[in-house]
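Heads up: the structure comes next, in structure tokens.
The values are calculated or read from the model by the stated rules, or taken from the named source; none is laboratory data. These numbers come from a predicted model, not from an experiment. A quick note on method: Cβ atoms are made from the backbone with ideal geometry, for glycine too, and the neighbour counts reach across all protein chains shown. Quick note on the areas: whole protein, heavy atoms, side chains included, nothing else; ligands and nucleic acids left out. Shrake-Rupley method; radii C 1.70, N 1.55, O 1.52, S 1.80 Å.
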Amino acid sequence: MAELKEKGINPGLAVVIVGDDPASRVYVNNKKKACEEIGIYSEEYALPAETTQEQLLDLIKTLSDSKQINGILVQLPLPKHLDEKAVIAAIPPEKDVDAFHPVNVGKIMIGDFDFLPCTPAGVMELIAEAGIDPTGKECVVIGRSNIVGKPQAMLLLHKNATVTICHSKTVDLKSVCRRADILVAAVGKAKFVTADMIKPGAVVIDVGMNRDENGKLCGDVDFENVKEVAGAITPVPGGVGPMTIAMLMKNAVKAALL
Ligand code: NAP
């Protein structure tokens with residue numbers, strides 16, 4: 001960061017949160033903290049739940065025109081009365097550090113991108129750091145959301161994996177998962193992935209962030225039992241979550257360099 005600042009490059013990130021969803025609040029605080037830690041200038045806009053579409057779009061326009069702000073992140077989900085698609089489309093693609101804008105989504109599809117979506121990129125980084133090459137491997141992604149499942153599958157495909165995407169209509173999920181050399185769970189259901197769904201020695205990556213029956217943070221994977229079968233496994237908390245933040249910081253720096 002010091003090197004960039006010497007060159008007069010000062011990344012600036014604006015984080016916008018609408019309403020008082022406690023989970024979103026935690027994510028935004030973590031993002032703010034990470035910016036402080038690495039020296040990225042950040043601005044936070046905490047708007048009331050009753051904010052109108054027009055007010056939100058006005059703020060995005062101001063941030064889009066700001067020289068000090070290179071990256072704009074609107075924390076999702078938004079309250080129901082707001083049009084999420086229109087809000088994402090209003091962020092200029094070159095400031096879209098979440099990579100949710102249709103232009104950036106399209107660029108990811110063709111493998112020629114400026115930004116990668118933070119959570120799937122964090123998963124790829126974990127795989128690479130562990131020295132695992134997805135080439136030719138059977139990879140199964142459970143979940144097909146636009147923010148995790150679909151881009152995750154695409155990133156694995158770019159790394160030459162053979163990819164299967166599963167969802168709520170998948171028939172015999174267990175046998176599909178048992179084929180996986182690398183299994184990525186992005187379902188949003190506590191302890192959904194059980195040991196009998198795992199091929200012995202498989203790499204299991206848990207994207208889920210759920211609360212268990214005691215209100216404790218937990219993933220989509222039944223960690224205690226699955227770890228006995230898996231070759232490698234990521235915990236929750238302390239796995240994909242911090243990587244997502246790290247990738248956001250990377251995108252904020254990249255946005256300043258564009
Ligand atoms: P989402 O939009 O709710 O998508 C969940 C996906 O799981 C859907 O595609 C759904 O299928 C599928 N699914 C639901 N029940 C299923 C079943 N019984 N069998 C197979 N598939 C099933 O959730 P998301 O936004 O992708 O997030 C997933 C999880 O990741 C959540 O826990 C979220 O909190 C967490 N997350 C974590 C981070 C992080 O930084 N660590 C970031 C983002 C999200 P259908 O499409 O058929 O409904």
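Backbone phi angles across the stretch 116-130, fed through the Karplus curve with coefficients 6.51, -1.76 and 1.60 (θ = phi - 60°), yield HN-Hα couplings of 10, x, 4, 5, x, 5, x, 5, 5, 5, 4, 4, 5, 4, 7 Hz in residue order; Gly and Pro are listed as x.
Applying 1/(1 + (r/R0)^6) with r as the Cβ-Cβ distance of Asn225 and Lys189 and R0 = 25 angstrom yields a FRET efficiency of 0.95. Placing unit charges on each Cβ (+1 for Lys and Arg, -1 for Asp and Glu) gives the chain a dipole about its Cα centre, and among Val87, Leu63, Asn146 the Cα reaching farthest toward its positive end belongs to Asn146.
Largest first, the residues Ser175, Ser24, Ser168 sort by 1.4 Å accessible area into Ser168, Ser175, Ser24. Estimated from helices alone, the mean residue ellipticity of the chain at 222 nm is -11500 deg cm²/dmol (sum of -39500 (n - 2.57) over DSSP H runs with n ≥ 4, per residue).
Over the chain, calculate the relative contact order: mean separation of alpha carbon pairs under 8 Å at least 6 apart, over the residue count, as a percent. Before the final figure, lay out each step's value.
On the way: 487 pairs, mean separation 44.5, N = 258.
Across the chain, relative contact order equals 17 percent.
Could you work out the local net charge near Met197, counting Lys and Arg as +1, Asp and Glu as -1, over the other residues with Cβ closer than 10 Å to its Cβ? Write down the numbers at each step before the final one.
Details: positive: Lys174, Arg178, Lys199; negative: Asp196, Asp222.
Residues near Met197 contribute +1 overall.
Please state the shape class of the stretch 118-240: rounded when a/c is under 1.5, otherwise prolate if a/b exceeds b/c and oblate if not, all from the C-alpha gyration tensor. Spell out each step's value before the answer.
Numbers: a/c = 1.32, a/b = 1.28, b/c = 1.03.
Rounded is the answer for the stretch 118-240, as its axis ratio a/c remains below 1.5.
Amide H contacts for Gly19 (H built 1.01 Å from N in the peptide plane; partners 5 or more residues away or on another chain; cut-off under 5 Å): Leu47, Ala49. Can you pull out the GluC sites (Glu not before Pro) in the stretch 87-137 whose DSSP state is coil and whose Cβ has at most 15 other Cβ atoms within 10 Å? Filter output for the stretch 87-137: empty list.
How do Lys31, Lys85 stack up against each other in accessible area, from largest to smallest, with a 1.4 angstrom probe?
Values: Lys31 25, Lys85 165 Å².
Of Lys31, Lys85, the descending order of accessible area is Lys85, Lys31.
When DSSP beta bridges are limited to those with both residues in the chain, what percentage is antiparallel, rounded to the nearest 5? Counting only bridges with both partners in the chain, antiparallel ones make up about 5 percent.
When the square roots of the Cα gyration tensor eigenvalues are ordered a ≥ b ≥ c, the ratio a/c for the stretch 166-237 is 1.5 or more and a/b does not exceed b/c, which makes its shape oblate. Roughly what angle does helix 149-158 make with the longest principal axis of the chain, taking Cα atoms, 0 to 90 degrees, to the nearest 10? For 149-158 against the chain, the angle is about 80 degrees.
The string of couplings for the stretch 45-54 from the Karplus curve (6.51, -1.76, 1.60, θ = phi - 60°) is 10, 9, 9, x, 4, 8, 3, 8, 4, 4 Hz, one whole number per residue in order, with x for Gly and Pro.
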